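What follows is one structure encoded as structure tokens, with my remarks underneath.
The values are calculated or read from the model by the stated rules, or taken from the named source; none is laboratory data. What you see is a predicted model; the values in this text were computed from it and never measured. A quick note on method: Cβ atoms are made from the backbone with ideal geometry, for glycine too, and the neighbour counts reach across all protein chains shown. We work out accessible area using only protein heavy atoms, side chains counted, and drop any ligands, DNA or RNA first. Shrake-Rupley method; radii C 1.70, N 1.55, O 1.52, S 1.80 Å.
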Amino acid sequence: MKPLNALTGLRGIASYSVLVAHTFTYSFLYGGVNLMQPFAERLAYFGMSLFFVLSGFVIHYNYAKLINSKGYVLGGYQFMVARIARLYPLYALILICTLDGIPSRNFHNTGHAEYTFMLMTQSWFNLQDLTFRPAWSISTEWFFYFAFIFMLPIFNLVKKPIIHLILLLTLTFIFLPNLLHWEVKTFGDANVWITYFSPYTRIFDFVAGVLSSMVYLSVKDSQRDINLYEKIGLIVIGCWVFSIMYFDVLSNTKYSILLSNFVYTPAIAPLLIIVCRHNVLDKLLCNRITMFMGEISYSVYLLGFTIMNGLRGTYVSTAPTLMAHINSVIKMGAIITLTTVFAYGGYNLIEKPARRFLRRVLSVKQEQPLLDTAKV
């Protein structure tokens, strides 16, 4: 499919939203009190939701036609090869570098939990805390790929995706809090698996992204000028994200449980459609900086946590003095800079070569069709 470069820019915004949010947490901690909370937390939630909705959009946009045309066996295999080549090399390297021995001592008396990390399925079974917790999102993303193949026949039946998208966003926002409150009350959620890490909760973000892609494909050839409704939509989207991130307007309602998972999705899903349809917005997101951020986003996400942990003990202060604030800013700048440098190296030295190698090795070689001699 034709590349949608604006989505690469948005992916960069998502990755650096998560990086900046966690860097705030690591840098502005004084005597056990984080001055940047709860803003940093909400910024991280926004970045993760943007990742997952983007994933649904991109996966459907790039691979639905492939699977439908080549069949669920061959097309599904090629799809999974592409995704393994994209995710696994850097993921495996990070796990090896962060485990204190293989298997980690945290795995003792936990059955065969180490295999879930090897297979990227730890978040499916609430095992993401055993080692390198940030890998939970890769595990959740991996779940989405299997779900997409099984759900694609259902998506193919959708004739009016805009209606289905509106229904999904509305009904999920209304009823998901009830389900989550019931699950937390019934099963407990000490490590927020149900409300944050679980792919069974996050699947709504992914499906919203898939339906957004279907809406875009149905209207992409229409007029390119931003009409009045879309301008109003952008204002509403901006107000929604701003009000949640800075004021948490749902904090005293039952919908506050959506803050860590679905709360930004009703704004992100239509934003992707509008951004991809219009050249002006596309150009805003396709500048050299955001495109660079988007290209190295996967390495930024995985390597950033390693660098943050390495610098955790530097510039530590127990009181929020002026010098402590200056040190925190320096620490934050160092983390972001080092992450960007190492991520650029990881992208060029690990991601790209490994992706090309695995695709070449695992791809199915298709035979050339025989000439019909009767027509030669």
Please work out the FRET efficiency for the pair LYS220 and ASN287, using the Cβ-Cβ distance as r and a Förster radius of 22 Å; give the result to the nearest 0.05. 0.50
Give me the accessible area per residue for region 288-367, probe 1.4 Å, as a whole number in Å². 60
Can you list residues whose amide H is under 5 Å from SER317's amide H, if they're 5+ apart or on another chain and H is modeled 1.01 Å from N? GLY31
What value does region 222-376 have for Rg/Rh, both radii from Cα atoms and Rh as Kirkwood defines it? 1.14
Heavy-atom accessible area of TYR255 with all protein chains present, probe 1.4 Å, nearest 10 Å²? 60
May I ask for the longest run of the chain untouched by trypsin sites (Lys or Arg not before Pro) that are loop-located per DSSP and have at most 15 neighbouring C-beta atoms (other than their own) within 10 Å? 1-158
Could you calculate, for the chain, the ratio of the Cα radius of gyration to the Kirkwood radius, expressed as Rg to Rh? 0.98
Going by accessible area, probe 1.4 Å, with all protein chains left in place, what is the ranking of HIS108, HIS22, largest first? HIS108, HIS22
With only alpha-carbon atoms counted, please give the Rg and Dmax of region 1-110, in Å. 18.9, 59
Per 0.36 nm of contour for each residue apart, how much would the distance between ASN34 and VAL81 grow if the chain were fully extended, relative to their Cα-Cα spacing? 12.7 nm
If each residue of separation counts as 0.36 nm, what is the full-extension length gain between LEU66 and ILE330 once their alpha-carbon separation is subtracted? 90.3 nm
Run through all the Cα pairs of region 227-295 and give the fraction in each 5 Å bin from 0, expressed as whole percent. 3, 14, 21, 19, 18, 14, 8, 3, 0
If every Lys and Arg gets +1 and every Asp and Glu gets -1 at its Cβ, then about the Cα centre the chain yields a dipole, in debye to the nearest 20, of 880
What percentages make up the Cα-Cα pair-distance distribution of region 1-59 when the bins are 10 Å wide from 0? 24, 41, 22, 10, 3, 0
Given R₀ = 51 Å, what would the calculated FRET efficiency be for ALA319 paired with LEU119, taking r from the Cβ atoms and rounding to 0.05? 0.65
For region 270-321, diffusion coefficient by Stokes-Einstein and Kirkwood Rh (Cα), 37 °C, 0.692 mPa s, µm²/s: 231
How large is the Kirkwood hydrodynamic radius of region 206-253, counting all unique pairs of alpha carbons, in Å? 13.1
Using a 1.4 Å probe and ignoring any ligands, DNA or RNA, find the accessible area of VAL249 and quote it in Å² to the nearest 10. 80
Rounded to the nearest whole number, the Stokes-Einstein translational diffusion coefficient of region 49-194 at 4 °C and 1.567 mPa s (Kirkwood radius, C-alpha pairs) in µm²/s is 74
Could I get the Rg over Rh figure for region 145-194? Both from C-alpha atoms, Rh via Kirkwood, rounded to two places. 1.12
Please report the base-10 log of the normalised intensity I(q)/I(0) for region 132-272, using a Debye sum with one equal scatterer per alpha carbon and no solvent, at each q in 0.18 (1/Å). -1.19
Carbon and sulfur %, accessible surface of the chain computed with the full protein complex present, 1.4 Å: 67
Stretched fully, the stretch from ASN191 through TYR229 gains (0.36 nm per residue minus C-alpha distance, one decimal, in nm) 9.5 nm
In this model, which of LYS283/LYS352; LYS70/LYS220; LYS65/LYS159; LYS159/LYS231 are farther than 21 Å apart at the alpha-carbon? LYS283/LYS352; LYS70/LYS220; LYS159/LYS231
Rounded to whole Å², per residue accessible area for region 112-197 with a 1.4 Å probe reads 51
